[in-house]
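The values are calculated or read from the model by the stated rules, or taken from the named source; none is laboratory data. Computed from a predicted structure; not experimentally measured. Ideal geometry is used to build each Cβ from the backbone, glycine not excepted, and the neighbour counts take in all protein chains shown. Surface areas here come from the heavy atoms of the whole protein model, side chains and all, with no ligands, DNA or RNA. Shrake-Rupley method; radii C 1.70, N 1.55, O 1.52, S 1.80 Å.
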Amino acid sequence: MLPLEGKVAAITGGTSGIGACTAEVFIANGAKVVIAGRRQDRGEKLARKLGDAISFIRTDVACESDVKAMIDHAVDRFGRLDCLMNNAGRGSQNAAIADVDLEQFDAAITVHLRAVLAGMKYAVRVMAAQGTGSIINVASVNGIRAGLGGHYYSAAKAASIHLTRCAAMELGEKGIRVNSISPGMIATGAFAKFMGMQPDEADDHPEYAEAAIGAVVAKWQPLQSVGRTDDIAQAALFLASDASRFVTGQNLVVDGGISAGWPIAAVRSDRDLFFRTIQASLSARFA
Ligand SMILES: NC(=O)c1ccc[n+]([C@@H]2O[C@H](COP(=O)([O-])OP(=O)(O)OC[C@H]3O[C@@H](n4cnc5c(N)ncnc54)[C@H](OP(=O)(O)O)[C@@H]3O)[C@@H](O)[C@H]2O)c1
């Protein structure tokens, strides 16, 4: 039996990148999947490609009634809801504290935090009646480590990680597990979109992100390969399946080691300088 046989999942931000890849992996593992996003053409095209096990519904996660309609659609179309993956997101903007644009901050909070809460609100009603469910909130390594991402994005992702824990404490007694995944740098169209490229074109060319990540990976990550959407989809598969039945309230970091510390390649020369300086001082002292 496949790990997601008989299970139904809804994935926001399912029209591209991590969400679209996760939909494919879930279907290959037996699930029925609803994908949600704003781009109707792209969502319908993906649904046609993947066949009867998938359904697209146009959804803006900033709109509460759209989020409710997405959950209703999953139940109407496939009869139940076992997994909600709150994955919709947008790029991280850089702004110095003295120059922040509070409307941009609100927009980041809306898609990365408020929408996560809205998704849980409507999913929980279905999952509680079933007595089972798995909610996966896609956060970011920037939610646990400062300095790489912009302030709006990083703060919103950190809040979504903590909201995940809070929800897990409430919902465990209803049989609902709530976990987050924090990706590191994953080659998707998100980066090129953020740089102004037309969204469909950016999504069809993840190699631009792959090249950019490849340029910095040696200094930022202990593992030297570029993160792929499938790396996150496999983590989501684990959290959606019964293999993780005893896991809740956790943040599963899938980042090639970025958050663990400084890669040796980044510190080797400074570390050598440190010891050479001590050696020189000691030699001078005892000469
Ligand atoms: N790629 C990385 O390196 C990385 C790292 C850490 C975390 N993440 C997180 O992973 C998640 C997926 O990102 P990705 O890299 O796969 O980027 P992506 O390919 O750009 O996917 C983002 C998805 O979110 C959807 N979306 C954006 N705003 C929406 C809204 N208001 N309503 C509904 N859907 C919306 C987009 O669909 P439409 O345009 O069709 O609405 C798109 O399908 C995001 O939460 C992101 O923050 C990514």
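For this structure, a couple of remarks:
- Evaluated against (1) within 15 Å of the ligand (Cβ to nearest atom); (2) assigned to a helix (DSSP H, G or I), Asn137 falls short on exactly one condition, (2).
- Residue match in the stretch 209-219 (condition: within 10 Å of the ligand (Cβ to nearest atom), closer than 21 Å to Gly19 by Cα and modelled with pLDDT of 95 or more): yes
- Residue among Leu81, Leu50, Leu2 that alone is aliphatic (A, V, I, L, M) and in contact with a strand residue (DSSP E or B) (Cβ under 6 Å, 6 or more places away or on another chain): Leu81
- Just one of the listed residues (Phe194, Phe238) is within 9 Å of the ligand (Cβ to nearest atom), surrounded by fewer than 22 Cβ atoms within 10 Å (Cβ to Cβ) and aromatic (Phe, Trp, Tyr), and it is Phe194.
- If you check Ser182, Ser160 for being assigned to a strand (DSSP E or B) and either farther than 23 Å from Leu237 by Cβ or not aromatic (Phe, Trp, Tyr) (or both), only one passes: Ser182.
- Test: Gly172 is touching a residue at least 60 places away in the same chain (Cβ under 8 Å), open to solvent by 30 Å² or more (accessible area, probe 1.4 Å) and under 26 Å from Ala158 (Cβ atoms): yes
- Annotation for the stretch 26-36: at least one member residue is out of contact with any Ser or Thr (no Cβ under 7 Å at 6 or more places or on another chain), open to solvent by 20 Å² or more (accessible area, probe 1.4 Å) and assigned to a strand (DSSP E or B).
- With respect to (1) within 8 Å of the ligand (Cβ to nearest atom); (2) surrounded by fewer than 22 Cβ atoms within 10 Å (Cβ to Cβ); (3) not hydrophobic (A, V, I, L, M, F, W, C), the lone exception for Arg114 is condition (1).
For (1) surrounded by fewer than 18 Cβ atoms within 10 Å (Cβ to Cβ); (2) charged (D, E, K, R); (3) more than 13 Å from the chain's Cα centre (by Cα), each residue gets a yes or a no:
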| residue | (1), (2), (3) |
| --- | --- |
| Thr110 | yes, no, yes |
| Gly119 | no, no, yes |
| Val126 | no, no, yes |
| Gln130 | yes, no, yes |
| Gly133 | no, no, yes |
| Val141 | no, no, no |
| Gly147 | yes, no, yes |
| Ala156 | no, no, no |
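- Test: residue in the stretch 194-214 that is farther than 24 Å from Phe26 by Cβ, in contact (Cβ under 8 Å) with a residue 40 or more places away in the chain and part of a helix (DSSP H, G or I): yes
- Residues that are within 10 Å of the ligand (Cβ to nearest atom) and among the β-branched types (Val, Ile, Thr) within the stretch 140-191 comprise Val141, Ile181, Ile186, Thr188, listed in sequence order.
- Count - residues of the stretch 54-96 that are open to solvent by less than 60 Å² (accessible area, probe 1.4 Å) and either away from the ligand (no atom under 12 Å from the Cβ) or farther than 20 Å from Cys21 by Cα (or both): 21
- Subset of the stretch 1-25 [open to solvent by 10 Å² or more (accessible area, probe 1.4 Å) and either assigned to a helix (DSSP H, G or I) or more than 13 Å from the ligand (Cβ to nearest atom) (or both)]: Met1, Leu2, Pro3, Glu5, Gly6, Lys7, Gly17, Ile18, Ala20, Cys21, Glu24, Val25
- Hey, Ala36 aliphatic (A, V, I, L, M), under 26 Å from Glu201 (Cα atoms) and either near the ligand (Cβ under 8 Å from one of its atoms) or free of Cβ contacts under 8 Å to residues at least 12 places away in the same chain (or both) or not: yes
- Test result for Arg177, under 30 Å from Ile264 (Cα atoms), within 19 Å of the chain's Cα centre (by Cα), outside any helix (DSSP H, G or I) and among the basic types (Lys, Arg): no
- Matching entry among Ala156, Ala167 (being of a type outside the set (D, E, K, R), in contact (Cβ under 8 Å) with a residue 12 or more places away in the chain and in contact with a His (Cβ under 7 Å, 6 or more places away or on another chain)): Ala156
- Filter pass, Asp99 being farther than 21 Å from Val8 by Cα and surrounded by fewer than 18 Cβ atoms within 10 Å (Cβ to Cβ): yes
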